[in-house]
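Here is the structure we will look at, set down as structure tokens.
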Amino acid sequence: MLRMVPLPCKCRGGIRGLRGVTAAAAAAIAPAMSASRLHPRPAIPFAVATLGIALFSGMDALMKGLSLAIGTYNALLWRTLAGAAIGGALYLASRSPRPGRAALRVHLIRGTMGSLMALLFFWGLARVPMAQAIALAFVAPLIALYLAAVMLKERIERGAILASLLGFAGVVVILVGQAQAELGREALLGSIAILASAGLYAWNIILMRQQAQLAGPVEIAFFVALIMAACFALAAPFLAVAPPAEQLPAIIGSALLALGSLMLLSWAYARAEAQRLAPVEYTGFVWASIFGWLIFAEPIQPLTLAGAAMIVGACWAATRPHAAPMPAVEAGA
């Protein structure tokens, strides 16, 4: 799903929902890190972040299977409940201090928005191939550039505008490929839902910067999962269905993969510059292609590959290190 990756101490919680901030988006908004926090061997944080993305992609595959088996709502309800239980145990074991009002406010906003974001993403993922879904989700960093202009009063560079046009063209190419493959109306609606989720995730990127300055990864993981579970529980009297016993391993597994990915990405982003980790996010497309082919027998369309390359290229152009950095967000904002 859209990865909620934590910024330097930064912090993902997701979104990931979940799906922290994407590596490319992080490069666009992260301030320079203190040299004292950088790992002396950059390859280690890079490898850890790569593993984190792989775990997140595995979670996406499990959630797609759950969405097809018990419905998107019930898949998210039971996964977030499991995540809240596991995250709560970790939070209590860590003996972390009680979060302040500012942190609780950001947890609440991000968890609530993450609920809608995750619902849109996984509803769409159940209707389109995994590789296509992840490729479409890559537009979030480009949308974040414009949100930053509105919310952070950042001037958009000409290169960013051109990159956005390239990214939009990549989306069009993917949708054209979908039409040629005759995936049907459901796939088109699924793609629209994923794009809407990416738009919310772009806003989530701004919130993550605030959250990263106020809380650690264990606290973020627990409270985001708890608030998301509470949001989904509001509809439980009308929509909740007890999952079949054979689905319990997938529910627990998806919760563990999401938490494990969050911890790995949190560790990596606290020890390496976001710009160095930016390429890691795009390995998600490789994992999505592999899992989609192995588990769901989803062929990879040539136009999906072409569109994904255009979107990745656009994100790289918009967030490359020598681009003007976006101003840091104040933690109490």
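Annotations
- Checklist (1) within 30 Å of Pro129 (Cβ to Cβ); (2) touching a helix residue (DSSP H, G or I) at 6+ places or on another chain (Cβ under 7 Å) applied to Gly71, failing item: (2)
- Taken over segment 173-202, the criterion of being modelled with pLDDT under 80, more than 11 Å from Ile143 (Cβ to Cβ) and outside any loop (DSSP other than H, G, I, E, B) is satisfied by Ile174, Leu175, Val176, Gly177, Gln178, Ala179, Gln180.
Each row is one residue, and each column tells you yes or no for (1) buried (at least 24 other Cβ atoms within 10 Å of the Cβ); (2) at pLDDT 55 or above; (3) in a loop (DSSP other than H, G, I, E, B); (4) among the charged types (D, E, K, R).
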{"residue": "Ala28", "(1), (2), (3), (4)": "yes, no, no, no"}
{"residue": "Met33", "(1), (2), (3), (4)": "no, no, yes, no"}
{"residue": "Pro40", "(1), (2), (3), (4)": "no, yes, yes, no"}
{"residue": "Ser67", "(1), (2), (3), (4)": "no, yes, no, no"}
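- Only one of the listed residues (Ile227, Ile205) is modelled with pLDDT under 75, assigned to a helix (DSSP H, G or I) and under 30 Å from Ser254 (Cα atoms). That residue is Ile205.
- Contacts under 9 angstrom Cβ, first residue in segment 154-167 being modelled with pLDDT of 70 or more, partner among the β-branched types (Val, Ile, Thr) and assigned to a loop (DSSP other than H, G, I, E, B), 6 or more apart: Gly167/Val139
- Residue within segment 105-126 that is buried (at least 17 other Cβ atoms within 10 Å of the Cβ), at pLDDT 85 or above and outside any helix (DSSP H, G or I) present: yes
- Figure legend. Inter-residue proximity from segment 277-288: first residues surrounded by 21 or more Cβ atoms within 10 Å (Cβ to Cβ) and modelled with pLDDT of 80 or more, second residues among the β-branched types (Val, Ile, Thr) and not in a helix (DSSP H, G or I), beta-carbon distance below 7 Å, spacing 6+ or different chains. No pairs are indicated.
- Lone qualifier among Ala54, Ala61, Ala84 - being modelled with pLDDT of 85 or more and over 16 Å from the mean Cα position of the chain (by Cα): Ala84
- Candidate set from segment 230-244 (those that are of a type in the set (A, V, I, L, M) and assigned to a loop (DSSP other than H, G, I, E, B)); member that is surrounded by the most Cβ atoms within 10 Å (Cβ to Cβ): Ala240
- Number of residues in segment 44-67 that are touching a Leu at 6+ places or on another chain (Cβ under 8 Å) and either over 15 Å from Leu239 (Cβ atoms) or among the β-branched types (Val, Ile, Thr) (or both): the value is 15.
- Residue within segment 68-85 that is among the aliphatic types (A, V, I, L, M), closer than 16 Å to Ile227 by Cα and out of contact with any Leu (no Cβ under 9 Å at 6 or more places or on another chain) present: yes
The values are calculated or read from the model by the stated rules, or taken from the named source; none is laboratory data. Bear in mind that the values here come from a model prediction, so they are computed numbers and not experimental data. In this analysis, Cβ positions are derived from the backbone assuming ideal geometry, glycine residues included, and neighbour counts consider all displayed protein chains.
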